[in-house]
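Below is one structure; the comments refer to it alone.
The values are calculated or read from the model by the stated rules, or taken from the named source; none is laboratory data. Remember, predicted model here, so these are calculated numbers, not experimental data. Here the Cβ positions follow ideal geometry from the backbone for every residue, glycine too, while neighbour counts run over all protein chains shown.
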Amino acid sequence: MGFQTPAVEPSSSSTLTLTLLDDFIKKSNGYAVIDGGLATELERHGANLNDPLWSAKCLIHSPQLITRVHLDYLEAGASIIITASYQATIQGFKAKGLSSQESETLLKKSVEIALEARDIFYGSHTEGSCDDFGNESTNQQRPVLVAASVGSYGAYLADGSEYSGDYGDAVTLSTLKDFHRRRVQVLAESGADLIAFETIPNKLEAQAYSEILEEENINVPAWFSFNSKDGVNVVSGDSLLDCASVADKCKKVLAVGINCTPPRFIHGLIQLIKKVTSKPILVYPNSGETYDPDRKEWVQSAGVSDEDFVSHVNKWHEVGASLFGGCCRTTPNTIRAINKILSKGSGAPFQQKVSY
Ligand code: MET
Ligand SMILES: [Zn+2]
């Protein structure tokens, strides 16, 4: 079965498609659905990610499980899937004894796995394809984008600092740029449609990403996504307005938002981001549980209940967000529910599934 070009052309390696996400959103009834938690879903399928590489461990030991989870999210209605490179770093792989070359190959592999999942999905949902009885299917193909994940320096440290944003005074802008540079270059040349800078815990790291994108002439567009634990600032205490402004000023950044943050904060955070940018806003909260870095497990937040956030998604859409998904501890069911509730709220989305 032939590979189908998505209805929205992804960026090529020579030209940066500055309207990629705008076009994508416009063509999808004003919103797009991102996938849900990847690492926690791999764990739910039995992967042991208690390791400094976290989900990137599966790039080495169980790539087929990553494909499975990407496919589950595509089947659930996601139109943007995020690669397993969140905690895949050259420095992290080298600490395991791999060479630079092997490390870069694994980074590329994270994107190849997602591209392959997209191909499989397209292959089984191809416009004009025939079913087992020779009948032509006439269903419209849903465009899918592959976003290459870049997790923070704190994620690499695997000491919980991605949720404190506190790297200490010894870590400067140039430390962070040196840490991320090569990885971003490799991911930019991997065939991904965009780079998802996720769970950015402070302004310094947003600045580092922005300078890498400009100075290295990265030709794949990006999104910047911050995390918050108070509903006002990013986790370091830096102002979200300042952080989102860094993203707004960088012309290679096509969307700005929030991920891995309790659902109860999302509404207010969207309103803050809207004050400083007119770029599309993305939100993919976690399940509302909190990660305890000492116990290395997710625990229910004391005293505050985070009821199923899916019921709030239309409100988040109304207040200004246009890309919606889930982060840690959300599942394909969350994404299925998001897709369903948005399609009721604002017209029919692309068909989730064709009949055979
Ligand atoms: C700690 S946030 C992790 C984000 C990453 N995309 C994942 O779902 O695994
Ligand atoms: Zn998360």
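Does residue 158 satisfy the condition of being surrounded by 24 or more Cβ atoms within 10 Å (Cβ to Cβ) and within 16 Å of ligand 2 (Cβ to nearest atom)?
Details: surrounded by 24 or more Cβ atoms within 10 Å (Cβ to Cβ): no; within 16 Å of ligand 2 (Cβ to nearest atom): yes.
No.
Please note which helices (runs of 4 or more DSSP H) are completely contained in region 20-119 and include at least 3 residues that are away from ligand 1 (no atom under 16 Å from the Cβ).
Details: elements: 20-27, 39-44, 57-61, 63-75, 90-94.
Qualifying helices (runs of 4 or more DSSP H): 20-27, 90-94.
For residue 232, state whether it is away from ligand 2 (no atom under 16 Å from the Cβ) and in contact with a helix residue (DSSP H, G or I) (Cβ under 6 Å, 6 or more places away or on another chain).
no
So if I check each of 213, 204, 194, which one is surrounded by 20 or more Cβ atoms within 10 Å (Cβ to Cβ), under 19 Å from the mean Cα position of the chain (by Cα), away from ligand 1 (no atom under 16 Å from the Cβ) and in contact (Cβ under 8 Å) with a residue 12 or more places away in the chain? Steps first, answer last, please.
Values: 204 fails: under 19 Å from the mean Cα position of the chain (by Cα); 194 fails: away from ligand 1 (no atom under 16 Å from the Cβ).
Within the list 213, 204, 194, the selection yields 213.
Output the residues belonging to region 1-57 that are at pLDDT 95 or above and of a type in the set (S, T, N, Q).
40, 48, 55
Pick out, from region 240-346, the helices (runs of 4 or more DSSP H) lying fully within it that include 1 or more residues that are within 16 Å of ligand 2 (Cβ to nearest atom) and farther than 30 Å from residue 217 by Cβ.
Details: elements: 240-249, 266-276, 313-319, 332-345.
Output list reads 266-276, 332-345.
Residue check, residue 44 against (1) in contact (Cβ under 8 Å) with a residue 24 or more places away in the chain; (2) crowded, with 16+ Cβ neighbours inside 10 Å; (3) within 16 Å of ligand 2 (Cβ to nearest atom), all met but one. Which one?
Only one criterion is unmet by residue 44, namely (2).
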